[in-house]
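Since every read-out is calculated from the coordinates, none of them should be taken as a lab result. Just so we're clear, the structure is a prediction, and the values are computed from it rather than from any experiment. No Cβ is skipped: glycine too gets one built from the backbone with ideal geometry, and neighbour counts run over all protein chains shown.
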Amino acid sequence: MGRVACCEKVGLKKGPWTPDEDKKLLDYVRNYGHGNWRSVPAKAGLQRCGKSCRLRWINYLKPDIKRGNFSAEEDHTIIQLHALLGNKWSIIAAHLPQRTDNEIKNYWNTNIKKRLIRMGLDPITHKKIENNTFEPFGGCHEYPKDNINICHVAQWEGARLEAEARGSKLQVGSGSSQLSGLILRKIPTQPCLSSHSVSTKNNTAYNIF
DNA sequence: AATAGCGCCAACCGCCGCCTA
DNA sequence: ATAGGCGGCGGTTGGCGCTAT
């Protein structure tokens, strides 16, 4: 059918938001809620696309957003969840309620990814990089039998986390962070561990860092 | 002091899935 | 059954600030 652009691009402002625009959007959403995002710019008196307003609200203006440096715990949670889920930023973000998917994605790309590479780990599979044998996420077939169970657990946990994240979106503040804490204590190291995994001591990814 | 290079991050883009008429 | 609208997601980009030369 061919989708039209999210909004008429003529005359709409792009680029960084000004304090005045922020105030208008903030005031509007506080007073009336966002409702239909497409109608927000007109009602709030903004020359912006509805998508742009939504993004600005979610990533910056929403009151419960935690900004600034990631704690070691958050760092570990992201790594652990990424090992299970891959680039499912929204699901990972659901387990860090005060962080946005965009922020987590940026943090991953600019920080964790490089750190893993420096450590000789493939940032996609979280496995030791060796002789260029990059495996797509989930490729477990060539690993010892002991690891097959770990792989299954990881896959199962991944699916569960995804379902849980979806659930937590429906129930705001459902305490998913506590749940994720529980999960993280239970999950073994990276899925599909190779025998060269660096986490040999206690068999948890936490020990890597 | 000037400038080139690099890293970070806010914001955009395009696609997808869900919902409704 | 399907066309169209909308929200949401992940990948990418551009600009700004910091650092190295």
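A few comments on the model shown:
- Spin-label pair A:R115/A:A42, simplified geometry with 7 Å Cα→Cβ offset, distance in nm: 4.7
- Each 10 Å bin from zero up to the one holding the largest Cα-Cα distance in the stretch A:6-78 carries the following percent of pairs: 18, 47, 20, 14, 1.
- Pairs spanning more than 27 Å between alpha-carbon atoms, out of A:K14/A:K66; A:K23/A:K88; A:K23/A:K51: A:K23/A:K88.
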